[in-house]
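Each value in this text was obtained by applying a stated rule to the coordinates, not by laboratory testing. This structure is a prediction, so every number in the text was calculated from the model and none was measured. Methodologically, a virtual Cβ is constructed for each residue, glycine included, from the backbone with ideal geometry; neighbour enumeration extends over all protein chains shown.
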Ligand code: AMP
């Protein structure tokens with residue numbers, strides 16, 4: 001997608017602070033962190049949001065989940081705990097329309113989220 005900022009990150013056209021990468025998934029630090037640890041986990045393939053995942057992405061969805069656990073391990077928060085969030089749709093606060101999971105950790109979190 002030509003106008004997608006996360007596709008440009010995947011292509012290497014926009015720099016990022018990579019935490020994890022494999023054939024299908026990338027994870028990089030959020031540019032405007034909302035917690036001491038704030039990493040975005042994205043598919044390299046352009047998928048607009050969680051609402052756009054289908055049967056053909058079952059394996060990809062699993063890889064994203066496992067990549068998040070690996071990010072938690074690499075950032076040292078696996079034991080203490082982390083929050084994994086995806087905003088799906090503008091109504092939920094999605095601003096970048098390329099599926100991404102926020103991994104947040106390193107501070108207290110309230111429940112339910114605001
Ligand atoms: P969302 O509101 O769920 O769509 O979250 C989008 C996230 O992308 C926000 O937390 C932004 O800070 C983050 N973001 C936007 N541009 C970049 C970028 N170039 N590098 C890293 N994070 C970004």
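Worth a mention:
- Inverting the pair-averaged 1/r between distinct Cα atoms of the stretch 43-86 gives 11.6 Å as its Kirkwood hydrodynamic radius.
- Per-residue extension of 0.36 nm, minus the Cα-Cα distance of residue 52 and residue 69, leaves a gain of 3.9 nm for this segment.
- Cβ crowding within 10 Å, taken as a proxy for footprinting-reagent exposure, orders 20, 101 from fewest neighbours to most as 20, 101.
- Segment residue 109..residue 21, full-extension length gain: 29.0 nm, with 0.36 nm per residue of separation and the alpha-carbon distance subtracted.
- Shown here is the pair-distance distribution of the stretch 1-68: with all Cα-Cα distances grouped in 5 Å bins from zero up to the longest one, the shares run 3, 16, 27, 25, 20, 8, 1 percent.
- Extension gain, residue 61 to residue 96, is 10.8 nm, computed as 0.36 nm per intervening residue step minus the present C-alpha separation.
- Over the C-alpha trace of the chain, radius of gyration and Dmax come out as 13.5, 39 angstrom.
- A Förster radius of 22 Å combined with the Cβ-Cβ distance from residue 85 to residue 3 puts the calculated FRET efficiency at roughly 0.35.
- The shape of the stretch 73-114 can be summarised by an equivalent ellipsoid whose semi-axes, obtained from the alpha carbon gyration tensor, come to 22, 14, 6 Å from longest to shortest.
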